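Undergrad: This is the structure I want to talk about, given as structure tokens.
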Amino acid sequence: MSQHLLIIDPQNDFCDLPTAALPVTGACRDMARLAKLIEQHGPALDAITVTLDSHHRYDIAHPAFWRGPAGEQPLLCPITLADVDAGRWLPADPALLPAVRHYLQHCALFVWPPHCLTGSWGHNIHDGLNQALQQWECQRLRTVQYLFKGLNPLTEHFSAFEADLPLADDPATRFQPQQVAALVAAQRVIVAGEALSHCVASSVRSLLRHLGTDFARKLVLLSDCSSPVPGFEAQAADFVAEIRQFGAQISPSTALFA
């Protein structure tokens, strides 16, 4: 049986480390268990895909993109179309006002601390997991597939496979079948990563939306290798219940190859 490991955003900025921008409680333990799985059962894994949240500091969901009436920047707050129309928050570049209004007509927006900035420590893969991935490449004589998502500053990109609002002039923001061809070909797709409530849920839902809910029958979510953002445990539980209903399996990493 061909087995493909899909790891969503296993990056330092999402790990519960002292300098992480958006730490997820339990993420370091998740990454350690995932690394152990790869080290112990690497020969059984035919392919590995790792997605990487990849942002500029100037991004629609980061403070630098916005200005308040006194020049202040937002942080850890939503911005709505009503906020923009009332002048409470406006894009720092006035020329982007039409694009921003269009975005907010279709999508909710929350301003996060700058995170997973390309080239930064926070963008890097958790060290222990990265070592396991490098060893797997040498052991299996094949390469890990890395998918970068989030580089367009004009749209959020929670899903690894499509932006929240795909943009007509940027194919990287739209679902691309060739990116998931190896997942489609696999007999079992093992899913792990951060955060369960956000990017893991959004990525899997994209796959089911475009590939059909029958795709869920080949999914195995590693319950001990993915954690929700604190305060979003209910959303994570709803996601797990949803994919279980479609036929996905939920398993701890220790039982996967038992």
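The values are calculated or read from the model by the stated rules, or taken from the named source; none is laboratory data. Source: prediction; values computed, not measured. Virtual Cβ from ideal backbone geometry, glycine too; neighbours counted across all protein chains shown. Note: areas computed on protein heavy atoms with side chains; ligands, DNA, RNA excluded. Shrake-Rupley method; radii C 1.70, N 1.55, O 1.52, S 1.80 Å.
Undergrad: Here are some residues: G87, G122. Which one is under 30 Å from R67 (Cα atoms) and in contact with a Ser or Thr (Cβ under 9 Å, 6 or more places away or on another chain)?
TA: The match here is G122.
Undergrad: Next question. Please work out which one of (1) outside any helix (DSSP H, G or I); (2) open to solvent by 20 Å² or more (accessible area, probe 1.4 Å) is the condition V24 fails and give its number.
TA: V24 satisfies all of (1) outside any helix (DSSP H, G or I); (2) open to solvent by 20 Å² or more (accessible area, probe 1.4 Å) except (2).
Undergrad: Could you list, in sequence order, the residues of the stretch 175-233 that are open to solvent by 20 Å² or more (accessible area, probe 1.4 Å) and among the charged types (D, E, K, R)?
TA: Those that are open to solvent by 20 Å² or more (accessible area, probe 1.4 Å) and among the charged types (D, E, K, R): R188, R205, R209, D214, R217, K218, D224, E233.
Undergrad: What's the total number of residues in the stretch 63-91 that are outside any strand (DSSP E or B), under 15 Å from R101 (Cβ atoms) and of a type outside the set (S, T, N, Q)?
TA: Residues flagged as outside any strand (DSSP E or B), under 15 Å from R101 (Cβ atoms) and of a type outside the set (S, T, N, Q) within the stretch 63-91 amount to 11.
Undergrad: Among the candidates A44, A70, which residue alone is among the aliphatic types (A, V, I, L, M), closer than 18 Å to L133 by Cα and over 21 Å from the mean Cα position of the chain (by Cα)?
TA: A44
Undergrad: With the requirement that a residue be part of a loop (DSSP other than H, G, I, E, B) and either of a type in the set (G, A, S) or closer than 23 Å to D13 by Cα (or both), what does the stretch 92-120 give you?
TA: A92, A108, L109, W112, P113, P114, H115, C116, T118, G119, S120, listed by residue number.
Undergrad: Give me the residue from the stretch 76-91 that is more than 24 Å from the chain's Cα centre (by Cα) and open to solvent by less than 40 Å² (accessible area, probe 1.4 Å) and, out of that set, farthest from E156 (Cα to Cα).
TA: Restricting to residues being more than 24 Å from the chain's Cα centre (by Cα) and open to solvent by less than 40 Å² (accessible area, probe 1.4 Å), the top hit is G87.
Undergrad: Taking Q3 and the conditions (1) under 22 Å from V191 (Cβ atoms); (2) free of Cβ contacts under 8 Å to residues at least 60 places away in the same chain, which numbered condition does it fall short on, given that it satisfies the others?
TA: Against the list (1) under 22 Å from V191 (Cβ atoms); (2) free of Cβ contacts under 8 Å to residues at least 60 places away in the same chain, Q3 comes up short only on (2).
Undergrad: Quick one: which residue in F65, F14 is open to solvent by less than 30 Å² (accessible area, probe 1.4 Å), closer than 19 Å to S226 by Cβ and either without any contact (Cβ under 8 Å) to a residue 12 or more places away in the chain or not acidic (D, E) (or both)?
TA: Residue meeting the stated conditions: F14.
Undergrad: Hey, another quick one. For the stretch 210-231, give me the residue count where each residue is within 20 Å of V180 (Cβ to Cβ) and free of Cβ contacts under 8 Å to residues at least 24 places away in the same chain.
TA: Matching residues across the stretch 210-231 total 1.
Undergrad: Looking at P166, is it closer than 28 Å to V111 by Cα, open to solvent by 50 Å² or more (accessible area, probe 1.4 Å) and either in contact with a helix residue (DSSP H, G or I) (Cβ under 7 Å, 6 or more places away or on another chain) or among the polar types (S, T, N, Q) (or both)?
TA: Here the answer is yes, as P166 does meet what is asked.
Undergrad: So, of the residues in the stretch 137-159 that are more than 20 Å from A99 (Cα to Cα) and open to solvent by 60 Å² or more (accessible area, probe 1.4 Å), which turns out to be nearest to the chain's Cα centre (by Cα)?
TA: Only one residue tops the list, namely F148.
Undergrad: Let me ask something else about it. From the list Q134, Q105, Q73, pick out the single residue that is free of Cβ contacts under 8 Å to residues at least 12 places away in the same chain, farther than 21 Å from A192 by Cα and open to solvent by 60 Å² or more (accessible area, probe 1.4 Å).
TA: Of Q134, Q105, Q73, the one residue that is free of Cβ contacts under 8 Å to residues at least 12 places away in the same chain, farther than 21 Å from A192 by Cα and open to solvent by 60 Å² or more (accessible area, probe 1.4 Å) is Q73.
Undergrad: Pick from I48, I38, I7: which is modelled with pLDDT of 95 or more, open to solvent by less than 10 Å² (accessible area, probe 1.4 Å) and not in a strand (DSSP E or B)?
TA: One residue alone meets the criteria, I38.
Undergrad: Another question about this same structure. Is it the case that D238 is charged (D, E, K, R), in contact with a helix residue (DSSP H, G or I) (Cβ under 9 Å, 6 or more places away or on another chain) and open to solvent by less than 40 Å² (accessible area, probe 1.4 Å)?
TA: So D238 does not fit the description; no.
Undergrad: Let me ask something else. Return yes when L196 is closer than 29 Å to A61 by Cα, among the aliphatic types (A, V, I, L, M) and within 15 Å of the chain's Cα centre (by Cα) and no when it is not.
TA: For L196, the condition - closer than 29 Å to A61 by Cα, among the aliphatic types (A, V, I, L, M) and within 15 Å of the chain's Cα centre (by Cα) - is met.
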